[in-house]
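Each remark here refers to the structure printed beneath this line.
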Amino acid sequence: MVFFWKSGGQFDNWALEALAGELKPEMEIHALCKVSIPGLKGAKEQTSETMRGRNPMFNHEFFFDNVTHEELDTKIVIITACHAGGGIKGKDIVIGEASVPLRDIREMNTKKEIKFIEEIKALVPKKLGKIYTSSIIEKDSKRLTINLKKVDALPKCGLIGAPDVCVKITLTQGAKTQTKSSRIIKNTCCAVYNEAVMFLCGTSKNELAQTTIVISVHDAQRTCTGDDTIGCAYLGIGAVDKSEIDQWKGCTDHLGKEYKGNHTLKAPQTAPPVHVAEANEDGAADEDED
């Protein structure tokens with residue numbers, strides 16, 4: 001990526017590459033790059049396309065006339081990478097976006113050509129879906145059972161489309177951490193499980209007060225390590241929403257009784273790190289499934 005501010009007020013940008021990133025190996029994109037400077041008088045969004053491929057290279061100049069010194073301090077360049085015409089009715093699918101405040105480029109006022117690299121970041125959907133569970137703690141058996149009902153209203157993820165859904169549950173109590181997975185349900189935004197996931201754990205009041213449970217929903221289609229999480233819900237330590245707090249309080253106050261909870265998934269970047277095990281294949285039951 002190159003930015004060059006000329007004395008005549010022209011601004012150009014070229015060379016964007018490696019848009020395929022960590023997509024599935026067989027996937028190609030018809031890359032479309034859109035460049036704009038919002039709020040710049042008379043400046044329209046400009047585009048450039050390439051042929052299909054995994055690592056498209058743009059060698060295209062975008063000119064924005066009459067950019068003043070003052071506007072270098074206030075304007076932002078937005079670069080949007082898309083898959084051209086890949087959506088419903090030929091609508092472009094957004095792969096990701098980068099925004100560059102011109103004031104952050106200190107050399108801009110030198111009127112010299114400036115080269116730098118900016119990461120194209122995927123857009124995070126506003127709504128990540130909901131997960132429906134119930135849980136019960138059996139004191140004598142020292143067992144926690146989380147009944148995974150369903151996950152719904154999941155977002156489609158750009159080029160990949162509807163996710164291959166897998167739910168992973170991590171229980172941490174003291175120094176011990178356990179992670180178990182559901183089966184994978186493919187190509188859906190509403191995955192119905194009706195699975196029981198069981199953990200052996202301490203059931204004293206003190207032990208339950210020091211318990212952390214992370215329920216994370218994953219898209220098994222994504223191949224980028226650590227970046228397959230759609231969203232998370234929490235029980236025990238880390239619970240935020242009223243539904244999460246109420247479900248865990250009911251279980252710990254009334255051992256042996258099942259409590260239900262419907263939880264809105266939260267963005268994974270706000271969650272604590274979760275170590276997850278490999279998921280089972282579609283249709284394969286978890287070893288602890290009832």
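The values are calculated or read from the model by the stated rules, or taken from the named source; none is laboratory data. From a predicted model like this one, the values you see are computed outputs, not experimental measurements. Note: ideal-geometry Cβ built from the backbone for every residue, glycine included; neighbour counts use all protein chains shown.
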(request) Take the residues in the range 217-252 that are of a type in the set (Ser, Thr, Tyr) and at pLDDT 95 or above, then tell me which one is surrounded by the most Cβ atoms within 10 Å (Cβ to Cβ). (result) Tyr234
(message) Within the range 121-149, take every residue that is closer than 30 Å to Val77 by Cα and surrounded by fewer than 17 Cβ atoms within 10 Å (Cβ to Cβ) and give me the one that is modelled with the highest pLDDT.
(response) Lys127
(message) Of everything in the range 253-290, what is modelled with pLDDT of 50 or more, of a type outside the set (Asp, Glu) and outside any loop (DSSP other than H, G, I, E, B)? Give them in sequence order.
(response) Tyr259, Lys260, Gly261, Asn262, His263, Thr264, Lys266, Pro268, Gln269
(request) Within the range 150-177, track down each residue that is surrounded by 17 or more Cβ atoms within 10 Å (Cβ to Cβ) and either without any contact (Cβ under 8 Å) to a residue 40 or more places away in the chain or not in a loop (DSSP other than H, G, I, E, B) (or both). (result) Lys150, Val151, Ala162, Val165, Cys166, Val167, Lys168, Ile169, Thr170, Leu171, Thr172, Gln173
(request) For Phe58, indicate whether it is modelled with pLDDT under 80, of a type in the set (Phe, Trp, Tyr), out of contact with any helix residue (DSSP H, G or I) (no Cβ under 9 Å at 6 or more places or on another chain) and surrounded by fewer than 15 Cβ atoms within 10 Å (Cβ to Cβ). (result) no
